[in-house]
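A short write-up of the structure that comes next.
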Amino acid sequence: MATYSEKKAVATGLEEYEKVPMNTFTPKKPLEAEIVSVERIVGPEATGETCHIVIKTDGNIPFIEGQSYGIIPPGTKVNNAGKEKPHAPRLYSIASSRYGDSYDGKTTSLCVRRATYWCPEKQAEDPAKKGICSNFLCDAKAGDKVMMTGPVGASMILNEEDPNAVHIMVATGTGIAPYRSYWRRMFLEDTPFKFTGLAWLFMGVANSDATLYDDELNEILENYPDQFRVDYALSREQKNKDGGKMYIQDKMEEYADQLFDLLENGAIMYVCGLKGMMPGINGMLEKVATSKGKDWSEMQKDLKKKGQWHVEVY
């Protein structure tokens, strides 16, 4: 586990990018990398299995915080025309900073939930319909080869323009992945980005056993109590103000006025995870805007223009 009591020295030469790296490797020309470790990071009562996967890339597929990689699962599929083809890449948000979990820029990390399918007729999981790539990754062993593409994506790149900014990070499940890359850069690594602002994480999962990276979050809270906040929405354990399940938009609603004021004063909001949370988040902010005589849709356009609104949902 990373300790956050002092900043870690990192490899040199990974700060000077003329532009954001994009598609260095493609489905036709992927990078062959190697699994370093696969670790289950949820408790026994979690609703499903989520793994932290470290991959050795030797620094050959550089990226910056907030981007994603493609993973091509082994094997082939038959397309609609009856032809056998390799599987298409599946995209995963990168869960480490550019320096990786070993600070040398030679590895990268992914946060992967094993996708399974429950068959209501059989009252059992149907292995024929399981997620090909997530199961390949969660079952992988150290030394296994993995084919990678990318990096891709610019919508979630960490905004470093103002080191004193407020960053509001909203995640459901494995949507936490890009934020782990942010908080390691903010609080763990000794880099030119000297973060003096506030990072506020809203994390939505089913129950306490399904929370992710608790050990790291608690380390940051202990070492940077004035710069880091975490609020959980545990849908199967907590109730919202109306007595229903506590979803992430309900937890955010408890701080609606504060969040709105922060956005008005330059805070940057990131949302990553299941798209089902977006109507609730927008509705909450729209309600506050209306109460202040403001037009939320116009304000949101302005936030996007200023680089204060970043969304990646699926």
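The values are calculated or read from the model by the stated rules, or taken from the named source; none is laboratory data. Values in this document were obtained by computation on a predicted structure and should not be read as measured data. In this analysis, Cβ positions are derived from the backbone assuming ideal geometry, glycine residues included, and neighbour counts consider all displayed protein chains. Surface accessibility is based on the protein's heavy atoms, side chains included, excluding ligands, DNA and RNA. Shrake-Rupley method; radii C 1.70, N 1.55, O 1.52, S 1.80 Å.
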Those residues of the range 191-215 that are assigned to a loop (DSSP other than H, G, I, E, B), among the aliphatic types (A, V, I, L, M) and touching a helix residue (DSSP H, G or I) at 6+ places or on another chain (Cβ under 7 Å) come to a total of 1
Suppose we keep only residues that are of a type in the set (A, V, I, L, M) and not in a loop (DSSP other than H, G, I, E, B) within the range 81-97. Which one would you say is surrounded by the fewest Cβ atoms within 10 Å (Cβ to Cβ)?
L91
Select from the range 48-69 the residues that are out of contact with any Cys (no Cβ under 7 Å at 6 or more places or on another chain) and closer than 22 Å to T172 by Cα and list them in ascending order.
G48, I53, V54, I64, E65, G66, Q67, S68, Y69
A177 fails exactly one of the following numbered conditions: (1) assigned to a helix (DSSP H, G or I); (2) open to solvent by 20 Å² or more (accessible area, probe 1.4 Å). What is the number of that condition?
(2)
Cβ-Cβ below 6 Å, separation at least six or inter-chain, first residue in the range 7-27 and among the basic types (K, R), second open to solvent by 70 Å² or more (accessible area, probe 1.4 Å): which pairs?
K7/D190
Of the residues that sit in the range 216-238 and are open to solvent by 20 Å² or more (accessible area, probe 1.4 Å) and part of a helix (DSSP H, G or I), which one is nearest to W200 (Cα to Cα)?
L221
Tell me the residue from L221, L201, L274 that is without any contact (Cβ under 8 Å) to a residue 12 or more places away in the chain and under 20 Å from A95 (Cα atoms), please.
L221
Which numbered condition trips up D162, out of (1) open to solvent by less than 20 Å² (accessible area, probe 1.4 Å); (2) farther than 22 Å from C51 by Cβ?
(1)
Among the residues of the range 133-152, is there at least one that is closer than 30 Å to Y224 by Cβ, hydrophobic (A, V, I, L, M, F, W, C) and under 18 Å from the mean Cα position of the chain (by Cα)?
no
Within the range 24-48, take every residue that is basic (K, R) and more than 22 Å from A206 (Cβ to Cβ) and give me the one that is modelled with the lowest pLDDT.
K28
Test of understanding: among G59, G100, G43, G13, which residue is open to solvent by 40 Å² or more (accessible area, probe 1.4 Å), part of a loop (DSSP other than H, G, I, E, B) and farther than 20 Å from K130 by Cα?
G13
Based on what the data block shows, is I72 touching a residue at least 40 places away in the same chain (Cβ under 8 Å), over 17 Å from G173 (Cβ atoms) and open to solvent by less than 30 Å² (accessible area, probe 1.4 Å)?
yes
Among (1) open to solvent by 50 Å² or more (accessible area, probe 1.4 Å); (2) out of contact with any Phe, Trp or Tyr (no Cβ under 7 Å at 6 or more places or on another chain), there is one condition M278 misses while meeting the rest; what is its number?
(1)
Do we find a residue being part of a loop (DSSP other than H, G, I, E, B) and in contact (Cβ under 8 Å) with a residue 60 or more places away in the chain anywhere in the range 181-190?
yes
Verdict on G48 being part of a loop (DSSP other than H, G, I, E, B) and among the small types (G, A, S)
yes
Take the residues in the range 118-168 that are basic (K, R) and modelled with pLDDT of 95 or more; name whichever of them is farthest from F63 (Cα to Cα).
K141
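Among the residues of the range 281-314 satisfying the criterion of being of a type in the set (A, V, I, L, M) and more than 19 Å from L198 (Cα to Cα), which is surrounded by the most Cβ atoms within 10 Å (Cβ to Cβ)? Walk me through how you get there before you give the answer.
We begin by selecting, within the range 281-314, every residue of a type in the set (A, V, I, L, M); these are 281, 284-285, 288-289, 299, 303, 311, 313.
Checking which are more than 19 Å from L198 (Cα to Cα) leaves us with 281, 284-285, 288-289, 299, 311, 313.
Values: I281: 20, M284: 20, L285: 23, V288: 19, A289: 19, M299: 18, V311: 16, V313: 15.
In this case the residue turns out to be L285.
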